[in-house]
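Worksheet: one structure, shown below.
The values are calculated or read from the model by the stated rules, or taken from the named source; none is laboratory data. Every value quoted in this text rests on a predicted model; they were computed, and no experiment measured them. So basically every Cβ, Gly included, is an ideal-geometry build from the backbone, and we count neighbours across all protein chains shown. Accessible surface is based on the protein model in full, side chains and every heavy atom, while ligands, DNA and RNA are left aside. Shrake-Rupley method; radii C 1.70, N 1.55, O 1.52, S 1.80 Å.
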Amino acid sequence: MILSFQKAASDECLNKALRRLSENGLAAQIVESASRRLIVITSECDSMPGHFFSQLEGVEKVVKLTARSPLAEDSGCATVGIGSEERRGRLFIGLGRKPVVIGGPCSVESREQIFEVAHAVKIAGAGALRGGAFKPRSNPYDFQGLGLDGLKFMAEAAESARLPVISEVMSPRDVEICEPYLDVFQVGARNMYNYDLLRELGRQTKPILLKRGLSATIDELLQAAEYVLASGNLQVILCERGIRTYETRLRNTLDLSAVALLKSLTGLPVLVDPSHATGKRELIRPLSRAAIACGADGVIIEAHCQPEKSISDAAQAISPAALADIVKDVDLIADTLRQIDKTSEPDSSPEECILR
Ligand code: PEP
Ligand code: MN
């Protein structure tokens, strides 16, 4: 069960409600964002009369859980703001916002490399900088990333280019030390099922980019999001990055039907990563176009100033010039979609529809 409180409800009011629930043997916790204050009751409470909940001070709405991922499937968490004006800059992702393009290298390779690429993707029109410092590599002998030093280089570069930073953390123990140097915690595909990490990120105040697992179903992705949301962090961005199929010509298969479905099931913003989905630089542009056309809130793309020389994932890295072309495509497609949506709004009379 979820208790939704009036926006103006005080901390005291929520804590009082928590105490009342606890006195009645119910486990519950507060979940909140800038615009919402909720208490999620995790124990079974069918035997309690409905008025017990609705009469708690400050409660506006009582929502009975029917869905498996009620917070993820709630349309309330529709826009996520990342970064801050004071530091590296701010960007909004989600409903009613222009689709975003996020760019940057697979890995932070050196201070010079990340400074060069940060400024290049900014000039290309990207709204945020991605880059891995802690790399989840399939082979333990491959480059594992520069770790915290790499993240510090990236934070410096991003501050100089004024771009919010998105970077992966792989373990709950890295969350606290990484927090000052990033604006969005990325959960990689291999960690979508790492529930300790998801819970720890649920206790953070910065947004989470949750990538779909290599063979995760859509329900598993939503339930992973639910771990973060139910632990208190309502700022989750989902990311479709391709799934394993029988196809061998591509690194993965980009599941655009998942994007359209997620947009209908949840209010959470949805991004597409065409880089890891295909593994081929020549496919990044067409799939970015398709992603925006089917409703994604943006794309996150691997870009490098010398793409062929990338230490990791060189075959899918694109140049800043290629990223700039995608930024233009995304703007044009988003404008066209807005026009189509405007003309198909059911506000015109039937005669006008026939004439058109
Ligand atoms: C990444 O984005 O750097 C990455 C490793 O992607 P994924 O987790 O989707 O494989
Ligand atoms: Mn990569």
Practice task
Go through segment 59-104 and tell me which strands (runs of 3 or more DSSP E), entirely inside it, have 3 or more residues that are open to solvent by 40 Å² or more (accessible area, probe 1.4 Å) and over 30 Å from residue 123 (Cα atoms).
Solution key: 59-63
Problem - Scope segment 315-348; condition within 16 Å of ligand 1 (Cβ to nearest atom) and open to solvent by less than 30 Å² (accessible area, probe 1.4 Å); matching residues - result: 316, 317, 318, 323
Problem - Subset tally (residues that are among the hydrophobic types (A, V, I, L, M, F, W, C) and either on the phi > 0 side of the Ramachandran plot or within 14 Å of ligand 1 (Cβ to nearest atom) (or both)) for segment 229-249 - result: 4
Handout entry: Count of segment 1-50 residues which are basic (Lys, Arg) and loosely packed, with under 12 Cβ neighbours inside 10 Å
Key = 2
Fill in the blank from the handout: Considering residues that are open to solvent by 10 Å² or more (accessible area, probe 1.4 Å) and touching a Leu at 6+ places or on another chain (Cβ under 7 Å), the number found within segment 232-251 is 2
Problem - Sole exception among (1) within 16 Å of residue 313 (Cβ to Cβ); (2) open to solvent by 40 Å² or more (accessible area, probe 1.4 Å) for residue 115, by number - result: (1)
Exercise for the section: Return the only residue of 271, 254 being open to solvent by less than 10 Å² (accessible area, probe 1.4 Å) and either within 24 Å of residue 108 (Cβ to Cβ) or touching a Leu at 6+ places or on another chain (Cβ under 7 Å) (or both). Expected result: 271
